[in-house]
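The values are calculated or read from the model by the stated rules, or taken from the named source; none is laboratory data. Since the structure is predicted, the reported quantities are computational estimates derived from the model, not experimental observations. Here Cβ is always computed from backbone atoms with ideal geometry, including for glycine, and neighbour counts include all displayed protein chains. The area values use the complete protein model at the heavy-atom level, side chains included, leaving out ligands, DNA and RNA. Shrake-Rupley method; radii C 1.70, N 1.55, O 1.52, S 1.80 Å.
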Amino acid sequence: EPFDSPGHLYEVKYDGARCIAYISDGKVKLLARSGADHTDTFPELQGIHGQLDAAEAVLDGELVVLDGGTPSFQAVQSRIHLTDTLAIEAVAHHFPAIYLVFDVLRVNGVELTANGKRVPLEARKTLLERLLDPNQRCQMVEHVVGDGIAFFQECISLGLEGVMAKECGGLYYPGKRHSAWLKVKGVQEDSFVVCGYTEGTGWRQGLFGALLLGKPDGQGGLHYCGSVGTGFTMTGLAEV
């Protein structure tokens with residue numbers, strides 16, 4: 001549940017794909033938490049090194065693609081799995097990604113995490129704000145300190161997924177989940193009948209593309225409510 005705490009800062013939680021950016025020698029390498037390399041998939045982000053006042057840095061953030069002005073998980077997922085060069089160039093032009101940065105892990109060889117200098121979050125945020133010159137391709141994630149409930153309600157009213165609550169003095173633990181970061185999501189729930197599916201294509205060949213959903217119409221039949229194809233792991237897709 002959302003909560004107020006003077007010891008926490010609250011960030012917008014965007015519906016995108018978590019990504020670590022390695023910036024060095026005027027180049028940008030983008031890696032997912034799984035280790036998947038997204039560098040060639042998002043060529044429009046190669047210029048973000050010019051926004052950083054550092055020769056070398058490691059950033060943590062979210063890859064976001066907007067659909068009608070709102071972050072769309074489906075849109076960013078559809079881009080991640082592209083491999084054709086011409087297709088990548090086309091979507092990069094028409095549906096460009098934004099790299100929204102919420103943390104800095106290393107600067108000019110100095111490790112700022114729990115494995116290095118053990119720099120607390122508030123200090124890392126201050127440093128990041130000094131280092132980054134934001135533009136339309138790379139920006140800092142917005143946050144407030146203390147007022148978690150009001151910030152959460154404002155995010156939900158704007159159609160965003162929720163907030164991340166992080167301890168102001170918390171450290172960054174690479175590769176680990178930690179209670180210093182808490183996810184607070186706005187969840188809308190309902191129950192549906194799965195009444196069919198579409199055939200999977202591309203990387204989902206042999207699996208389903210989306211599940212078709214319905215609700216009882218009160219006359220013994222079903223009213224079609226749309227489809228859902230996101231939020232499944234590869235194991236989940238195969239099981240369904």
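Worth a mention:
- Listed residues SER179, VAL194, GLY162: farthest to the positive end of the dipole of the range 132-240 (Cβ charges): SER179
- ASP40, ASP15, ASP133, reordered so the largest accessible area comes first (probe 1.4 Å): ASP40, ASP133, ASP15
- Principal-axis analysis of the Cα atoms of the chain puts helix 85-94 at an angle of about 80° to the longest axis.
- Between the range 155-209 and the range 70-135, the C-alpha centres lie 18 angstrom from each other.
- Within the accessible area of the chain, the carbon and sulfur atoms contribute 51%, probe 1.4 Å, all protein chains present.
- Positive-pole candidate from HIS94, PRO43, ALA57, dipole of the chain, charges at beta carbon: ALA57
- Heavy atoms of the protein chains alone define the surface here; on that basis the chain has 56 Å² accessible area per residue at 1.4 Å probe size.
- Restricting the range 148-240 to trypsin sites (Lys or Arg not before Pro) in coil, as DSSP defines it, with at most 12 other Cβ within 10 Å: LYS176, ARG177
- Degrees, to the nearest 10: 148-157 long Cα axis against longest axis of the chain: 50
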